[in-house]
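The values are calculated or read from the model by the stated rules, or taken from the named source; none is laboratory data. Nothing here was measured: the structure is a model prediction, and the numbers come from that model. So basically every Cβ, Gly included, is an ideal-geometry build from the backbone, and we count neighbours across all protein chains shown. Ligands, DNA and RNA are excluded from the accessible area calculation, which covers all protein heavy atoms including side chains. Shrake-Rupley method; radii C 1.70, N 1.55, O 1.52, S 1.80 Å.
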Amino acid sequence: MSTPPLVLASASPRRRELLGRLGVPFTVTPADVDENVGGPGMRPERVARALARRKALAVAAQHPGSVVLAADTVVALRGRLLGKPADAAEAWAMLRALRGRRHRVITGVALAAGRRVWVRHVVTTVHMRSYSDDEIAASIAAGTPFDKAGAYAIQDPDFRPVACHEGCYCNVVGLPLAPVIELLAGVGIQVPLTEPADLLPACACCPLFAGAPLDAGAGQ
Ligand SMILES: Cc1cn([C@H]2C[C@H](O)[C@@H](COP(=O)(O)OP(=O)(O)OP(=O)(O)O)O2)c(=O)[nH]c1=O
């Protein structure tokens with residue numbers, strides 16, 4: 001049986017690069033959806049899952065016969081949801097609120113085939129270091145915050161705002177590969193992993209990338 005074509009429903013260069021590392025062929029069609037979902041009290045997991053689902057189904061409607069992968073990343077700080085900052089003032093507020101504290105990053109992942117859709121999510125706990133106001137200003141001047149949930153990039157080689165994280169690193173960058181591998185297998189797309197025995201239970205994808213920084217980096 002031939003495997004269905006795979007479409008990544010994303011405009012994110014980071015998601016494109018992470019999926020590319022799995023070695024399965026795919027094309028890209030960004031999803032254009034309303035990112036407002038639920039009410040103010042909605043749990044971050046539900047928001048990330050609902051938006052990933054919405055993106056996958058929107059692009060699946062344009063690609064009958066393909067399977068469509070989409071994701072959505074949100075940052076949750078003490079019950080508040082931080083999305084992408086609208087302007088420099090919002091980026092300042094987010095980076096000051098996150099400074100020296102712990103928060104959660106949740107990415108919802110959805111795979112759609114026609115009108116069927118499967119959804120997963122992954123949570124990573126991130127501890128920020130106590131960076132200075134000058135470092136925040138430099139990051140904003142570089143333009144890094146504006147397409148990132150929470151106004152930062154864990155992969156930013158200049159700012160390096162994260163002290164440490166627990167769980168999946170790729171999840172923070174925008175695409176946790178363990179559930180992606182599982183969902184693709186479910187529709188008959190096998191990822192050519194060579195060393196599955198080496199994968200850690202806490203994060204089945206990060207060891208694949210040890211020592212290999214993202215080319216897409218922080219700014220793109
Ligand atoms: C927290 C964090 C987020 N991000 C990025 C991942 C996502 O691209 C973005 C969150 O926004 P999303 O709305 O999840 O995604 P997007 O609009 O960039 O792309 P698309 O919907 O087309 O797939 O923030 C990082 O690159 N590094 C980080 O450390």
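Scanning the stretch 130-162 for residues that are under 18 Å from L77 (Cβ atoms) and open to solvent by 60 Å² or more (accessible area, probe 1.4 Å) yields a single hit, S130.
Considering only residues in the stretch 68-93 that are under 14 Å from R43 (Cα atoms) and open to solvent by 70 Å² or more (accessible area, probe 1.4 Å), the one that is nearest to the ligand (Cβ to nearest atom) turns out to be L81.
For every residue, the table says whether it meets (1) within 15 Å of the ligand (Cβ to nearest atom); (2) at pLDDT 95 or above; (3) over 22 Å from T144 (Cα atoms); (4) not small (G, A, S).
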site	(1), (2), (3), (4)
G20	yes, no, yes, no
P40	no, no, yes, yes
L51	yes, yes, yes, yes
V59	yes, yes, yes, yes
S66	no, yes, yes, no
L95	yes, yes, no, yes
L98	yes, yes, no, yes
I106	yes, yes, no, yes
V109	yes, yes, yes, yes
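Just to be sure, is A52 out of contact with any Asp or Glu (no Cβ under 6 Å at 6 or more places or on another chain) and crowded, with 24+ Cβ neighbours inside 10 Å? So A52 fails the test. Close Cβ contacts (under 8 Å, 6 or more residues apart or on different chains) running from residues in the stretch 42-64 that are under 17 Å from G114 (Cβ atoms) to residues that are open to solvent by 50 Å² or more (accessible area, probe 1.4 Å) and among the β-branched types (V, I, T) are absent. Pull up the stretch 1-18, narrow it to residues that are modelled with pLDDT under 95 and assigned to a loop (DSSP other than H, G, I, E, B), then point me to the one that is farthest from the ligand (Cβ to nearest atom). Filtering first and then ranking leaves M1.
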